[in-house]
Structures are given as C-alpha cells and as structure tokens.
Amino acid sequence: MKREIKKYLYDIKTSIDSIEDYLDGKRDFFEYQNNKLLRRGIERELEIIGEAMNRALKIDPELNIENARQIVDTRNWVIHGYDKVDDVVIWAIISKHLPKLKNRN
C-alpha cells in the first residue's frame, strides 16, 4: 500500500478516535443533539474522514474499503448541505458505520 494512502487511512482513524473522545463514552443522542459544539466538532471530523477517503480513492480507485463512495458523499453533504444536516442521520453514521470503518483500518 502506498505511503500516501496509509497517511489518509491514519487520518481517518484519528478522526474516528476524536469523535469517540468527543462523545466521552456516552452514547446519548439527545445530549449530542442539544450540544451545538459537539455536533459541529463531529461534523468537522466527518468532513476530514470524507476528504481523506476522497484523496485515497484518487490514488487508488480500487481501494477495498466498504462504502468508500458513501463516505465521500457524506463529506460533500455535510459541507455543501450544511443547512440540511440531519442529526438523526449523523448519529446513525457515528453509531453504526464508524465503528466498522475503524475496525477496517
């Protein structure tokens, strides 16, 4: 695996770790939903994850990561659809999909 791709995968893992740190072991949707700073921090980390995945895919379009394209699409949605970001969808991503992605790396 190319060195640049390893760096991007490391960035993805680091952002997932940061999200876990922000949640501080708590998996409470209502706390997440009512904490603007927490929501914005997590959204920023999702942007980083999506951008790192996008850069990795540009180097190796055949990169074997499940849902890689959806990860990039999420980044685009958070950035370009900032006014339509749905807390329920973000919560599903961080609860269901990020743990799988982290275990993949």
Could you list all residues from segment 14-37 that are farther than 23 Å from R104 by Cα and open to solvent by 20 Å² or more (accessible area, probe 1.4 Å)?
D28, F29, F30, E31, Q33, N34, N35, K36, L37
Taking helices (runs of 4 or more DSSP H) that do not extend beyond segment 1-60, which have at least 2 residues that are closer than 19 Å to N103 by Cα?
3-23, 36-59
Restricting segment 4-13 to residues that are touching a residue at least 24 places away in the same chain (Cβ under 8 Å) and not hydroxyl-bearing (S, T, Y), the residue that is surrounded by the most Cβ atoms within 10 Å (Cβ to Cβ):
I12
Here the qualifying pairs (Cβ atoms under 8 Å; residues six or more apart or on different chains; first in segment 29-49 and closer than 25 Å to A68 by Cβ; second open to solvent by 40 Å² or more (accessible area, probe 1.4 Å) and hydrophobic (A, V, I, L, M, F, W, C)) come out as E47/I79
Give I71, I65 a once-over and let me know the one that is in contact with a helix residue (DSSP H, G or I) (Cβ under 8 Å, 6 or more places away or on another chain), in contact (Cβ under 8 Å) with a residue 24 or more places away in the chain and not in a helix (DSSP H, G or I).
I65
Among the residues of segment 38-62 satisfying the criterion of being more than 14 Å from I90 (Cβ to Cβ) and either open to solvent by less than 20 Å² (accessible area, probe 1.4 Å) or among the charged types (D, E, K, R) (or both), which is modelled with the lowest pLDDT?
E62
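The values are calculated or read from the model by the stated rules, or taken from the named source; none is laboratory data. Small disclaimer: the values here were computed from a predicted structure and weren't measured. Here the Cβ is made from the backbone with ideal geometry for all residues, glycine too, and neighbour counts use every protein chain on show. SASA here: full protein model, heavy atoms, side chains in, ligands and nucleic acids out. Shrake-Rupley method; radii C 1.70, N 1.55, O 1.52, S 1.80 Å.
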